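Chemist: Structure below; questions to follow.
Readers should treat all values here as calculations from the given coordinates under stated rules, not as data from a laboratory. Every value quoted in this text rests on a predicted model; they were computed, and no experiment measured them. Note that we place each Cβ from the backbone using ideal geometry, even for glycine, and neighbour counts take in every protein chain shown.
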Amino acid sequence: MVYFDQILLDTPTLLVSYSSRHKLVQAQWRGRFDAALAQQQCQLMLASLPPTQPVHRMVNDSSEVFGEWLEAGDWIGQVLAPALAAHGVRAVAWINAMDWPSREAVACSVSLTQKLPIKTFDFDEADAALAWVLSIED
């Protein structure tokens with residue numbers, strides 16, 4: 001069980017929480033997304049990361065996402081992922097959506113990511129995703 005001691009961002013479509021003990025950020029995405037909203041919310045998430053506290057792990061939970069945001073996949077893989085790595089994130093467990101268009105966008109984003117380990121999990125594998133990302137060493 002992970003205790004998140006800080007809420008970094010709370011919007012209608014995104015909740016970002018932080019566990020200082022585990023140096024872990026969890027992003028919970030919810031609702032309908034298009035490419036513009038996905039990119040905007042990713043930028044907000046990145047800006048919400050604590051500047052003075054380490055973030056080594058991330059759970060990116062897209063299980064409640066739907067919509068067509070495939071066009072944001074390039075930006076997520078080529079811009080956001082390197083920015084997360086530069087911030088100190090060493091691994092991302094990405095919980096996939098149930099929605100097929102969103103699953104396609106996740107696959108595109110992950111395929112374009114370099115230098116940041118991202119492992120995808122199905123929408124019903126949240127416990128496995130958390131266990132995997134917590135196994136990544138500080």
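Chemist: Explain nothing, just the number: relative contact order of the chain, from Cα pairs under 8 Å at least 6 residues apart, as a whole percent.
Modeler: Details: 288 pairs, mean separation 30.4, N = 138.
Computed value for the chain: 22 percent relative contact order.
Chemist: Within the chain, what is the longest stretch that has no trypsin sites (Lys or Arg not before Pro) placed in a DSSP loop and near at most 15 other beta-carbon atoms within 10 Å?
Modeler: Details: sites that count: ARG21, LYS115.
Maximal segment without exposed cleavage sites: 22-114.
Chemist: On a full-extension model of 0.36 nm per residue, what is the gain between GLU71 and GLN114, subtracting their alpha-carbon distance, rounded to one decimal in nm?
Modeler: On the way: separation 43, 0.36 × 43 = 15.48 nm, distance 1.82 nm.
Full-extension gain reported as 13.7 nm.
Chemist: For the range 63-127, what value does the Rg/Rh ratio take when both radii are computed over Cα atoms and Rh is the Kirkwood radius, given to two decimals? Mind showing how you got there, number by number?
Modeler: Values: Rg = 11.5 Å, Rh = 11.9 Å.
Reported Rg/Rh (Cα atoms, Kirkwood Rh): 0.96.
Chemist: Follow-up. Along the charge dipole of the chain, which of ALA97, ILE136, LEU15 sits closest to the positive end, that is, farthest toward it, with unit charges on the beta carbon of Lys, Arg, Asp and Glu (+1, +1, -1, -1)?
Modeler: ILE136
Chemist: When the chain is modelled as a GNM with alpha-carbon springs shorter than 10 Å, which of THR11, THR113, THR52 fluctuates the most?
Modeler: Comparing THR11, THR113, THR52 in the GNM, the peak value goes to THR52.
Chemist: If you don't mind, another one. Counting other Cβ atoms within 10 Å, which chymotrypsin sites (Phe, Trp or Tyr not before Pro) in the range 1-84 have at most 15 and lie in a DSSP loop? Walk me through the numbers on the way to the answer.
Modeler: Values: sites: TYR3, PHE4, TYR18, TRP29, PHE33, PHE66, TRP69, TRP75; in loops: TYR3, PHE4, PHE33, TRP69.
Passing both the DSSP loop test and the Cβ count: TYR3.
Chemist: Semi-axes, largest first, in whole Å: what does sqrt of 5 times each Cα gyration tensor eigenvalue give for the range 35-99? Present the calculation step by step, with values, prior to reporting the outcome.
Modeler: Numbers: eigenvalues 86, 36, 22 Å².
So the three semi-axes of the range 35-99 are 21, 13, 11 Å.
Chemist: Moving on. Rounded, prolate or oblate: which fits the chain when a ≥ b ≥ c are the square roots of the eigenvalues of the alpha-carbon gyration tensor, with rounded for a/c under 1.5 and prolate only if a/b beats b/c? Don't skip to the answer; put the middle values down first.
Modeler: Working: a/c = 1.38, a/b = 1.35, b/c = 1.03.
Note, shape of the chain comes out rounded.
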